[in-house]
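Working notes, structure below.
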Amino acid sequence: MPHQVQTPTSAHTFTQRISASPRGARLARRLVRYHLDGWGVPYGSELSDTVAQIAAELAANAATHGRVPGRDFQLRLLLRADGVRVEVSDTRTECGPPQRPEPPPDEAESGRGLVLVAALAARWGVESRAVGKTVWALVAPPERPDDVSDDVLDDVRGPAHPVPTREP
């Protein structure tokens, strides 16, 4: 029996403050998978894996580049009609990501996180806050996922436009 993705409501929002550390970044990835599964997006599905990867990259950036000693970052996950939105907010304003991330040199050991986010997300961006910033990414559901039926996609995306038929 396929999982049923629930219609987006205010109950399909998860927010958690997390320690700005490598351990916190790993926790963010696990929390994303857990909540998506609870909302009907199964573990191991393309959508779950993609959203978890993006959340891990954004959380790692917040823990590495947006870290202010003694301050946490915030993870927010929203299941919406147009996909899943991941937001990671930190308290550092002066250290924002580039608008167009460039791949680092082949020999570099880091610097690929936002390149991955840009490649995997339908859209992503940065929003200023009173204190700090929010980096967000929107992941659209796959067009024809193997593990999600058409009925489940209709629940998330809304009813498809009806195909007009001619009456005899």
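The values are calculated or read from the model by the stated rules, or taken from the named source; none is laboratory data. In this text the structure is predicted, and so the values were computed from the model without any measurement. Here the Cβ is made from the backbone with ideal geometry for all residues, glycine too, and neighbour counts use every protein chain on show. Side chains are part of the model used for accessible areas, which takes the heavy atoms of the whole protein and leaves out ligands, DNA and RNA. Shrake-Rupley method; radii C 1.70, N 1.55, O 1.52, S 1.80 Å.
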Exercise. With every protein chain present, what accessible area does residue 120 have (1.4 Å probe, heavy atoms only), rounded to the nearest 10 Å²?
Worked result: 70 Å²
Seminar exercise, completed: For residue 26, the accessible surface traced by a 1.4 Å probe with all protein chains present amounts, in square angstrom to the nearest 10, to 140 Å²
Exercise. So how far apart, in nm, are the two label points at residue 115 and residue 76 if each is 7 Å from Cα heading toward Cβ?
Worked result: 3.0 nm
Problem set entry | ³J(HN,Hα) computed for each position of region 133-138 - Karplus, 6.51 cos²θ - 1.76 cosθ + 1.60, integer Hz, glycine/proline x | 8, 10, 9, 10, 8, 10
Problem set entry | Solvent-accessible area of residue 14 with every protein chain in place, 1.4 Å probe, in Å² to the nearest 10 | 30 Å²
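What FRET efficiency do you get for residue 49 and residue 130 if R0 is 25 Å and r is their Cβ-Cβ distance, rounded to the nearest 0.05? Display every interim value, and only then the final one.
On the way: r = 34 Å, r/R0 = 1.35.
Calculated transfer efficiency: 0.15.
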For this session: Given the peptides 37-49, 125-137, arrange them by the average over their residues of other C-beta atoms within 10 Å, most packed first.
Result: 37-49, 125-137
